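First the structure, in the form of structure tokens, and then the observations on it.
Taken together, the values in this text are just the output of simple stated rules run on the coordinates, not laboratory data. The model shown is predicted, which means the values in this text are computed figures rather than measured ones. All Cβ positions, glycine included, derive from the backbone under ideal geometry; neighbour counts span all protein chains shown.
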Amino acid sequence: MHPFAYVTPNTVEEAVAVLNEHGDRARPLAGGTDLLVKARANAWELDAVVDIKNIPELMNLTIGKNGLSIGAGVPCYQVYENSEIADEYPGIVDGASIIGGIQIQSRAGLGGNLCNAAPSGDGIPALIVHSAVARIAGSGGTREVPVEEFCTGPSRTVLKPGELLISIEVPKPAPNSGAAYARFIPRNEMDIAVAGVGVYVELDDSGNNFESARIALSSVGPTPILATEAGDSLAGKPVDDKTIDTAANLARDAASPITDMRGTINQRKQLIKVLSGRVINQAVERARG
Ligand SMILES: Cc1cc2nc3c(=O)[nH]c(=O)nc-3n(C[C@H](O)[C@H](O)[C@H](O)COP(=O)(O)OP(=O)(O)OC[C@H]3O[C@@H](n4cnc5c(N)ncnc54)[C@H](O)[C@@H]3O)c2cc1C
């Protein structure tokens, strides 16, 4: 492995300055559970690794009346052990609590999961369905990007050289809403998703009709996918098997998987259909309380 400097800035400005100085030869380090694996495999030649965990703003985790703010360096366990987050954002907790095992979850966070931009990232679909926004800092100031637009390809994001993810901002869920995420893996835990589905639904006051919905898919395209047509098909419809089946079929059609050692195109499309039906039902149950 190429030797590199380990830098521990205390402010966003310092971190951005180091990243700018080294361009694509520097990388931010959050939990390091992807970064160290890739660095050891010589995926990059790094001159500097910029540890973000000494920057207070990036370690903030707050939940309030305007929503949830997840600092880019906050580890998964802090997200799923927070009872308020578990109550209000169970879909995000579904994702955070299956990323690796307990050791990984003690280091790895949703910020690193998003910036790593794996199509199989388990934390990303629930953020997308919650309409979360990524707050990014660079030398020109800060900007915001919807999470569904953040990943541009496998291991590729909208981040420009010198830019840093600050936090993920998740709006407060509407009344009568619920969310869930589930994946298929051949083993019981610690595996890469063959297919995954995140769902957010908002029901009317009776709990019998969908007001709106968002569905996002993982591991079935070069990036996580917002299946807009599938989610929109639920809006204004009764909560019944026919409506849910139609949405599940549209989610399957939105998937564009490849065949690889973990699954075939047909298997993955079928998995998306089955998982979509299940996860929509689970989100509905949660919305009904
Ligand atoms: C044994 C094992 C099991 C795993 N299981 C799963 C799993 O089940 N599901 C899953 O989705 N993933 C899994 N992973 C992958 C990994 O743990 C997750 O993607 C994790 O969320 C990465 O978070 P991190 O904080 O460790 O990121 P890091 O490794 O620190 O960073 C990941 C990437 O993002 C960049 N980055 C980090 N922070 C920032 C920032 N603030 N701004 C800009 N760029 C940044 C880094 O430079 C790096 O390129 C597993 C990994 C291992 C080793």
Using a simple spin-label model with points 7 Å from Cα along the Cα→Cβ vector, what separation in nm is obtained for Asp24 and Val37? 2.2
About its Cα centre, the chain carries a charge dipole, from +1 on Lys and Arg Cβ atoms and -1 on Asp and Glu Cβ atoms, whose size in debye to the nearest 20 is 680
Arranged by the count of other C-beta atoms within 10 angstrom, fewest first, what order do Tyr181, Tyr77, Tyr6, Tyr89 take? Tyr6, Tyr77, Tyr89, Tyr181
Testing the spin-label approximation: label points 7 Å from Cα along Cα→Cβ at Glu144 and Thr264. State their distance in nm. 4.5
What spacing in nm lies between the two simple spin-label points modelled at Ser155 and Asn281, each 7 Å away from Cα in the Cβ direction? 3.9
Candidates per trypsin sites (Lys or Arg not before Pro) in segment 164-233, loop by DSSP, up to 15 other Cβ within 10 Å: Arg187
Neighbouring Cβ atoms within 10 Å as the yardstick, rank Met59, Met261, Met1 fewest first. Met261, Met1, Met59
Sorting Glu229, Glu148 on the 10 Å Cβ count, fewest up front, what's the list? Glu229, Glu148
Okay, helix-only estimate at 222 nm for the chain: each DSSP H run of n ≥ 4 adds -39500 (n - 2.57), divide by all residues, round to 500 deg cm²/dmol; what do you get? -9500 deg cm²/dmol
Here the alpha-carbon Rg of segment 123-241 over 2.2 N^0.38 Å rounds to 1.19
Lys and Arg at +1, Asp and Glu at -1: neighbours of Ser155 with Cβ under 14 Å from its Cβ sum to +1
What ³J(HN,Hα) values, in whole Hz, does the Karplus curve 6.51 cos²θ - 1.76 cosθ + 1.60 give for segment 188-193 when θ = phi - 60°, with x put for Gly and Pro? 7, 7, 6, 8, 8, 4
For the chain, list the DSSP H helices whose alpha carbon atoms reach 24 Å or more along the long axis and whose average Kyte-Doolittle value is -1.0 or above? 265-287
Built amide H within the under 5 Å cut-off of Leu29, gap 5+: Val50, Asp51, Ile52
Radius of gyration, Dmax [the chain; alpha carbons; angstrom]: 18.8, 61
What is the gain in length, in nm to one decimal, between Arg187 and Asp253 on full extension, counting 0.36 nm per residue of separation less the C-alpha to C-alpha distance? 21.2 nm
FRET E, pair His2, Gln103, Förster distance 22 Å, beta-carbon r, rounded to 0.05: 0.25
Gain on full stretching of the segment that runs from Asn209 to Asn66 - 0.36 nm per residue minus C-alpha separation: 48.9 nm
Value of D in µm² per second that Stokes-Einstein yields for segment 1-124, Kirkwood Rh from Cα pairs, at 37 °C (0.692 mPa s): 217
Percent antiparallel among DSSP beta bridges confined to segment 1-122, rounded to 5, stands at 40
